[in-house]
Amino acid sequence: MVSMVSGSAEPLSASGRSSEKLSLPSLQSKMKTDPEGYETELHLIRNQFYSALELFQQQAALNFSSISGVGADPTVSKDLSDRAMFLAHVTPFYPKQLAEFPSDLAAFLKSSARTLPSGLRFHATQAVILLVNRKIIDIKDTLSLFMELQTLDDRNLRKLAFSHVVHSIRRMNKNHKNEAKNRSLQNILFGLLQQDDEAKAKRSLITLCELHRRKVWFDERTANAICMACFHSSSRIMIAVLSFLLDYEKIENDDEDSDDLSSEDEMTQNPHVVISKETVYKAHHKGTAASKKKKKAKLQRAIRSMKRQQRLSSESSNCSYYSPLYHLKDAQGFVEKLFSRLQTCNERFEVNAFPDVSNLEDFTLPRVADSTFCSNDTVKMMMLKVIARTVGLHRLILLNFYPFLQRYVQPHQKDITNLLAAAVQACHDMVPPDAVEPLFKQIVNQFVHDRSRPEAIAVGLNVIREICLRMPL
């Protein structure tokens, strides 16, 4: 069988044309224009592919890993890769003859992906993607496969599989949303996210967050699934979710690069375009007809760019609109459960010297506290900030939260400005004044007195002013 596969690399004779020798790319082109005239060559290549496929499956069943094995032979791997891509390209033209090929290829990749050579595995994945893009295979049938491929130790494969999943779901929802299909795909990802397997849960979380960020799945089910991942058994998953909820644009993903950005993402990275009156005048009144046409087209692109930038800027200013926390169904239950986990968290606030004077001078609490957090924040601080944001966003009552904050309100506390910002954010006019009064007095006593540093006094006064604005009573 091996000789059958490796020998198949020779040029193929076209049926009825003994003098014509064709390579696979040439044969592929001719088969697309005349499918019926090349059925003999199709059966030959199909048989070669299945012969090699059987060898690989037998090797996997026997756990055969000798250096002389089929998988170790680069020629055999390349031949099988070439034939898989070839058959994927011509499948739309031979639906009856290749009816079993798509499912067989997907099943082979699912069962043997971990043992295949990286090159063969990558090309087999490309062939399956081609079949999905041509709607020969449904994305629902291959989503679990592509999520599994992302857990392998192959960076290029992870990048390819992740990009395919995101772009396929975006393309599926571009014109209209198929709720039934979206729900079935979401159920697959939600199931992976709830598993104890950290690798699968991480890839599912990254995919859901990317689709939510791009507003493809900008719904309550996705938002609640992301938020509930805060209670995953893996601390890494919990930290990743917390970072996303704290308005990070996306979870850190080493597999992404600039090629995956959408046109809107690229537009936000470009410098602002300034259109002057002189530019508009030249586009309409100076130059030849051809040059004016080019100037007008360039002007229209610049105008569209400015409008898009303004729209994105106005949307990004409303952080609650973007945050999955906004869509929580049981916000009270969420903060109570997260606060319970915070109280039992092993992470501790580190006591540090008083922050730099420059940082304190720059600190002024806005009406909505700063959404970013420093790289040296502990997990405990991240959980605290998510709780405070949820309490302020949904105007919840969490009376035990304010005494908890009170324990850490000290001028020498590390990241005290972030801590005070969270305290302000958790205050609203529905909270009983008696619950916040001890915390309020603690801030006054620790920051606003004659022996306090001017920088600390400024911070304390800012916090007092903001709390009073949010709680007039």
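The values are calculated or read from the model by the stated rules, or taken from the named source; none is laboratory data. Note that the coordinates shown come from a computational prediction; the quantities given were computed from them, not determined experimentally. Here the Cβ positions follow ideal geometry from the backbone for every residue, glycine too, while neighbour counts run over all protein chains shown. These accessible areas exclude ligands, DNA and RNA; they are computed on the full protein's heavy atoms, side chains included. Shrake-Rupley method; radii C 1.70, N 1.55, O 1.52, S 1.80 Å.
Quick check: anything in the range 443-457 in the same structural domain as S340 (by the TED database), open to solvent by 20 Å² or more (accessible area, probe 1.4 Å), polar (S, T, N, Q) and without any contact (Cβ under 8 Å) to a residue 40 or more places away in the chain?
Yes: one or more hits.
Pairs only if they're at least six apart or on different chains, beta carbon under 8 angstrom, first in the range 405-427 and within 20 Å of S340 (Cβ to Cβ), second part of a helix (DSSP H, G or I) and open to solvent by 30 Å² or more (accessible area, probe 1.4 Å); list them, first residue then second.
Qualifying pairs under 8 Å: Q406/P438; Q406/Q442.
Out of all the residues in the range 223-262, which are on the phi > 0 side of the Ramachandran plot and either part of a helix (DSSP H, G or I) or modelled with pLDDT of 85 or more (or both)?
none
Looking at (1) modelled with pLDDT of 90 or more; (2) assigned to a helix (DSSP H, G or I); (3) open to solvent by less than 40 Å² (accessible area, probe 1.4 Å), find the lone condition where C427 falls short.
(2)
Please verify whether the range 379-387 includes one or more residues that are charged (D, E, K, R), open to solvent by 30 Å² or more (accessible area, probe 1.4 Å) and either more than 24 Å from the chain's Cα centre (by Cα) or modelled with pLDDT of 85 or more (or both).
No: the range 379-387 contains no residue that is charged (D, E, K, R), open to solvent by 30 Å² or more (accessible area, probe 1.4 Å) and either more than 24 Å from the chain's Cα centre (by Cα) or modelled with pLDDT of 85 or more (or both).
So L360 passes all but one of these: (1) of a type in the set (A, V, I, L, M, F, W, C); (2) open to solvent by 50 Å² or more (accessible area, probe 1.4 Å); (3) modelled with pLDDT under 85; (4) part of a helix (DSSP H, G or I). Which condition number does it fail?
(2)
Could you list, in sequence order, the residues of the range 180-200 that are within 15 Å of I139 (Cβ to Cβ) and open to solvent by 50 Å² or more (accessible area, probe 1.4 Å)?
Correct list: A180, K181, R183, N187.
Restricting to the range 163-179, and then to whatever is of a type in the set (D, E, K, R) and either within 14 Å of M147 (Cβ to Cβ) or within 17 Å of the chain's Cα centre (by Cα) (or both), can you tell me which residue is least open to solvent (accessible area, probe 1.4 Å)?
So, considering only residues that are of a type in the set (D, E, K, R) and either within 14 Å of M147 (Cβ to Cβ) or within 17 Å of the chain's Cα centre (by Cα) (or both), the one least open to solvent (accessible area, probe 1.4 Å) is R170.
When both residues are 6+ apart or on different chains and their Cβ atoms are under 7 Å apart, which pairs have a first residue that lies in the range 271-283 and is farther than 12 Å from K295 by Cβ and open to solvent by less than 80 Å² (accessible area, probe 1.4 Å), and a second that is of a type outside the set (D, E) and modelled with pLDDT of 75 or more?
Matching pairs, first to second residue: V273/A302; V273/S305; V273/M306.
Is at least one residue of the range 54-73 outside any loop (DSSP other than H, G, I, E, B), β-branched (V, I, T) and modelled with pLDDT under 90?
Scanning the range 54-73, I find at least one residue that is outside any loop (DSSP other than H, G, I, E, B), β-branched (V, I, T) and modelled with pLDDT under 90, so the answer is yes.
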